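Colleague: One structure, as C-alpha cells, below. Some questions next.
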Amino acid sequence: MRVVWNDTLAYCQELYRQGEKKPKYTELSKRLTQIKKTTEKVWLTEVSSIPLQQSLRDLETAYSNFFASCKGERKGRKVKPPKFKKRKSKQSARFTDNGFTVNQHHVTLAKIGDLKIVWSRPLPSKPSSVTVIKDATDRYFLSFVVEIQLLSETLPNNGESVGIDLGIATFATLSTGEKINAPKPLKKRLKRLKKAQRNFSRKQKGSNRREKARKRVAKIHAKIKDTRTDFLHKLSPRVVRENQTIILEDLNTSGMVKNRKLSRAISDLGWRSFRDLLSAKSDKYGRDFLIISRWEPTSQRCSSCGNIGGKKALNVREWECLFCGTFHDRDVNAAINIKVAGGQSETSKNGRVGQHKTSVKEAASCEALTPLTRPP
C-alpha cells in the first residue's frame, strides 16, 4: 500500500510540474492496472487489489482536503498536501467487506490468509471494513468499522458543574479545589529515550543493529503514548460522570508550544487530547461541554470580589487580593473564574455569586479512539 501511495503521489507531482491537472481516481486506477503488468511491479499481483484501490482512494481524499483547504472551503487549520510514506513509519491496509471474513478466533484476509487475533471487545454487528495497522514497533492491530444502534446513554442530571484550569505543574485543577497530576511519561523516560536515540544515531545505516536500535526508540515512544492515552481515557469519563456542565478555557496550545522552554512539557501533557475526549464523552452521555474565551482574565480576577488585580508572573502560585484581602491559590482561583465565566454561579466565602459576559461556545464533537485489539 505504501508503494502504491508513493508511486502514485510521485506521478501526480510530476504532472503538476509539467503544468497538467491531477488525474482522477478512475485514471489512476487504470494506471495501477498497467503498472502491475510491468516486470518491476509484477509482485503487486500477489497482493489483494482491494487495499491497493483503497490506497488510491485515500490519496484522492487527501488531495481533495488539500484543495478544499486552499480554496477556503474547509474549516480549521490549513491542510498540507499529501506526503510520501516512510517504510519504518506506521503502515495500514484497509479491506472492504468482500475482502475479509471474521470468525471467533481468526480474521481471514484476501491473499493473506488467517490471522489469529485477541479480541479486546466483541463486535456489535457485522463489520463493513477492517484496517490492518502496523505501528513503528512492529505491533499489529485490527480496526473494524461496524454499524451500531445508538442507545440512549444519557446520564441523569446531577446539577453539578465544574471549571477546569489546565496547567503544567498540575495537569488539571478543578473549581472544587481538587488538583490532578499527570503521569508525564516523556519526562520520566527522557533520559532513557535520549540514550536510545544516541545509540541509534551511531549505528551504520542499513545494518541490522541500526534496525534493532530504531525499534528500541520506537518502543519507548509507544510506551510514552500508551501511558498518556491511558491516563486521559480514565480521567475524562470520571469528570463527565461527576458533572452535568464542564467548562474549559480555550488555550492557544499551538502558540504555546512555540516557546522552547515549555513546548516539551506541554506536549507531554496532552491538553488537546483531553479536551477532545471531554467533548466526545459529553456528547455521548448528554453533558454540557463549554469553552470560554482565552482572553478571559481568569488568573487576574479575584474569585471572591470580582476585581482584577493585574497580570501575574508564572512563578506566582499564591496571591492576596488587594481589594478584599482574600488569599488565593492561583490555579484554584482560575478554575473558579472559568466556572463563573461559563455561566455557572460560584459562591465563595465572601458571598460572591457572579456571572461574567464572555464568548461561550459549544465545543465540536470528536470521536475518542482506542485500540480495538492487542497484538497477537
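Read-outs: derived from the displayed coordinates by stated rules, not from any lab. These numbers were taken from a predicted model, which means no experiment stands behind them. Cβ sites come from the backbone with ideal geometry, for glycine too, and all protein chains shown count toward neighbours.
Colleague: If each DSSP helix of 4+ residues adds -39,500 (n - 2.57) and the sum is divided by the residues in the chain, what number results at 222 nm, nearest 500 deg cm²/dmol?
Modeller: -12000 deg cm²/dmol
Colleague: Also: Between helix 330-341 and the chain, what is the angle of the helix's C-alpha long axis to the longest principal axis, kept within 0 to 90° and rounded to the nearest 10?
Modeller: Orientation of helix 330-341: about 90 degrees from the principal axis.
Colleague: For Cα pairs less than 8 Å apart in space and 6+ apart in sequence, what is the mean separation divided by the residue count of segment 91-150, i.e. the relative contact order in percent?
Modeller: RCO, segment 91-150: 33 percent.
Colleague: Cα centroids of segment 106-163 and segment 252-313: how far apart, whole angstrom?
Modeller: 31 Å
Colleague: Right, something else. What is the sum of charges around Thr245, taking Lys and Arg as +1, Asp and Glu as -1, for the other residues whose C-beta is under 9 Å from the C-beta of Thr245?
Modeller: After counting each charged neighbour, the total is 0.
Colleague: Here's a follow-up. Can you figure out the FRET efficiency of Val102 with Leu322, using R₀ = 56 Å and their beta-carbon distance, to the nearest 0.05?
Modeller: 0.25
Colleague: In nanometres, what is the gap between the two model label sites at Arg210 and Ala110, each 7 Å from Cα along Cα-to-Cβ?
Modeller: Result for the modelled spin labels: 3.7 nm.
Colleague: Using θ = phi - 60° and the Karplus curve 6.51 cos²θ - 1.76 cosθ + 1.60, what whole-Hz ³J(HN,Hα) does each residue of segment 247-253 get, with Gly and Pro shown as x?
Modeller: 10, 10, 8, 7, 6, 8, 4
Colleague: Another question, then. Please list 130-138, 282-290 highest first by mean number of surrounding beta-carbon atoms within 10 Å per residue.
Modeller: Highest to lowest by the protection proxy: 282-290, 130-138.
Colleague: When only Cα pairs under 8 Å and 6 or more residues apart are kept, what is the percent relative contact order across the chain?
Modeller: 15 percent
Colleague: Can you tell me the length gained on complete extension of the stretch Arg241 to Gln197, counting 0.36 nm per residue apart and subtracting the Cα distance?
Modeller: 11.7 nm
Colleague: Right, something else. Taking amide hydrogens as modeled 1.01 Å from N in the peptide plane, which residues meet the under 5 Å criterion relative to Lys85, leaving out close sequence neighbours?
Modeller: Amide H to amide H, under 5 Å and 5 or more residues apart or across chains, Lys85 pairs with Asn6.
Colleague: Does anyone have the angle between helix 208-242 and the longest principal axis of the chain? Alpha-carbon axes, 0 to 90°, nearest 10?
Modeller: That works out to roughly 40 degrees.
Colleague: Let me ask something else about it. Among Lys111/Lys205; Lys85/Lys261; Lys37/Lys90; Lys134/Lys281; Lys85/Lys225; Lys88/Lys203, which pairs are too far apart, with a Cα-Cα distance over 24 Å?
Modeller: Where the Cα-Cα span goes over 24 Å, the pairs concerned are Lys111/Lys205; Lys85/Lys261; Lys37/Lys90; Lys134/Lys281.
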